[in-house]
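Structure, as structure tokens:
The numbers here are math on the coordinates, done by the rules we state, and not lab data. Every value quoted in this text rests on a predicted model; they were computed, and no experiment measured them. Note that each Cβ is placed from the backbone with ideal geometry, even for glycine, and that neighbours are counted across all protein chains shown.
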Amino acid sequence: MSFFDTKDRGTDYVLIDGVGGGDTVIQPNAENRLNFSIEGFGIIASVGNANLKYVDTYIGVSRKAWHGRALVVIRSTRETGVIKLTVSSPGLPDEHITINSIQAKSPN
């Protein structure tokens, strides 16, 4: 999993890649059903996979990978603490990522 941080809005983007291929190999044909769960001081704001033909809603906790990739958008509850995202898929080991939620500094 890769992590892109946008602290100013309390939103983080987590790219799930390499579905079914171990740590270093992206499986370009992987279309595994991915299930997402979150613990701590965040919510799953959106899920996606870049497939324009995919008609499921972007709001939810599950998405099929497309070309071995998917995206989860996490929004902080704006409380200080840890956010833990878990990704699971039948036949594959669960993967976890933790993100530290910190209180934003006032722009004044």
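With N counted as the residues of the stretch 24-108, its alpha-carbon radius of gyration over 2.2 N^0.38 Å works out to 1.23. When peptides 58-67, 91-100, 45-54 are sorted by average Cβ neighbour count within 10 Å, with the highest value leading, the order is 58-67, 45-54, 91-100.
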